[in-house]
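What follows draws every value from the coordinates through simple rules; no lab data is involved. Note that the coordinates shown come from a computational prediction; the quantities given were computed from them, not determined experimentally. Quick reminder, even Gly has a Cβ in these numbers, built from the backbone with ideal geometry, and neighbours come from all protein chains shown.
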Amino acid sequence: MSSSLFRAGALIALLAVAGCNGSLEEIAPKSERALSTKMTELVRSKGMQKNSPIMVRIFKEENVLEVWKQKSNGRYDLVTSYNICKWSGKLGPKFTEGDRQAPEGFYAVGPGQMNPNSNYYLAFNTGYPNAYDRAQGRTGSHLMVHGACSSSGCYSLTDAQMQEVYAFARDAFAGGQTAFQLQAFPFRMTGANMARYKDDPNFEFWKMLKEGYDHFEITKLPPKVDVCEKRYVFNRLTDGQTAFSPTAACPAATMPDTLATAFQSHQSKETAAFSAALTKSAPPPKASILGVKEASLVADWSKKRSRGERVPMEPPSMQKDGRVVASSTMGRIDSPLGRKMAAIEAAEAAKKRAEEEKKLAAERAKADAEAKRIALEEARKAPKPEATAEAKVEQAAAEPESSVTAVRKRIRNLFGG
């Protein structure tokens with residue numbers, strides 16, 4: 001009875017709070033909050049169900065995260081997009097742990113990758129490294145899409161944006177989607193943009209990503225993604241008995257005829273757009289990571305920073321001519337480890353100063369003693385000056401009488417002489 005009364009009282013209190021401050025959805029745990037009425041109506045107006053599957057696309061250069069959702073006809077349509085608050089690194093893929101690069105590629109996000117208790121409000125793990133990344137020997141962990149507008153290798157949204165994206169994913173999982181596809185690109189992969197980046201060292205990697213991008217543009221369906229020969233392949237069908245292996249040769253596979261025809265037509269248009277863009281002025285390309293060497297430089301900087309060491313305030317950057325540029329402003333991360341390292345370095349510096357002062361004092365004393373010795377030696381060796389006649393008389397007068405003269409005086413005194 002008492003427990004029933006308690007539950008009833010709690011419900012009344014909850015409703016009272018809701019009445020003053022908003023709906024029950026608004027005061028629910030952040031990971032359980034429903035989409036706003038406005039967004040729910042938008043979903044319905046586009047011919048989508050609340051629990052239909054989703055797909056997410058990210059574009060670094062444009063700072064955009066898109067949420068796509070399946071319509072009743074099976075195709076996907078754009079529901080909404082968000083300005084990315086912050087993403088880490090430069091254009092280009094992630095190479096190694098600590099290089100602070102936000103990943104690029106095709107990833108799968110399942111319920112187990114959702115984090116309702118993130119230190120960054122809400123988050124989901126991108127799934128990096130995937131089969132392609134591992135085949136390339138790339139490393140890294142905990143690469144997230146999260147809130148809090150802060151990033152050191154992730155994609156970050158505001159808390160309000162992240163809550164909405166989280167709700168889209170939660171609803172899709174509730175509808176039976178086992179994992180949603182996350183596509184992360186350096187930029188919108190149009191023929192014109194590819195022309196802008198034709199001289200970039202990541203161009204071949206981006207050409208591979210563009211194939212998957214184009215498949216979605218044609219079909220409005222997340223492409224089937226596999227990896228073989230250490231590269232992505234899209235919408236390839238085998239005989240059903242041979243599996244794709246990331247590092248092995250690609251098995252015999254085909255693409256559905258209608259898709260192959262549509263893809264070929266699309267490629268012709270993209271090639272024409274690429275060629276046309278080469279003759280037109282365009283915004284200059286953004287900075288990109290220059291491969292494993294630059295990634296290793298940044299990773300080394302990250303390790304030193306995490307140990308609390310003094311490092312340049314910004315990670316080093318490599319130029320195309322091989323020069324390394326680093327900030328002249330030094331500092332350390334404000335953390336218990338950083339403060340401990342600062343105390344250790346301060347003690348070591350004080351000890352070094354004391355030793356240097358002691359050594360300097362000893363050197364000064366030695367120099368003073370040597371100077372005094374040299375002065376005395378020079379004084380001893382210097383010739384004495386010749387005395388004047390007057391000085392000789394004074395010296396003679398000052399000299400004591402000889403013993404013979406003294407005896408003679410006493411004898412004379414005895415005899416009155």
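Structural remarks
- Per-residue Karplus couplings for the stretch 134-147, computed as 6.51 cos²θ - 1.76 cosθ + 1.60 with θ equal to phi - 60°, are listed in order as 5, 5, 7, x, 8, 10, x, 7, 6, 8, 10, 10, 8, x Hz, Gly and Pro entered as x.
- Using θ = phi - 60° and Karplus 6.51 cos²θ - 1.76 cosθ + 1.60, couplings along the stretch 208-214 (whole Hz; Gly, Pro as x): 5, 5, 4, 4, x, 4, 5
- Descending semi-axes in whole angstrom, ellipsoid equivalent of the stretch 168-281, from the Cα gyration tensor: 27, 19, 15
- Couplings for the stretch 270-283, taken from phi via the Karplus curve 6.51 cos²θ - 1.76 cosθ + 1.60 with θ = phi - 60°, read 5, 5, 5, 5, 4, 5, 5, 5, 5, 9, 10, 6, 8, x Hz in order; Gly and Pro are left as x.
- Ranked list, fewest to most other Cβ atoms within 10 Å of each Cβ, for 109, 292: 292, 109
- Net charge contributed by nearby residues that have their C-beta within less than 15 Å of residue 279 (K/R +1, D/E -1): +3
- Candidate cross-link partners of residue 351 among the lysines, defined by an alpha-carbon separation under 21 Å and a same-chain spacing of 8 or more, comprise 340, 359.
- Stokes-Einstein D (µm²/s) once Rh is taken as the Kirkwood radius of the stretch 17-277 over alpha-carbon pairs, at 20 °C in 1.002 mPa s: 110
- Residue pairs exceeding 25 angstrom between C-alpha atoms, taken from 60/210; 207/304; 90/198: 207/304.
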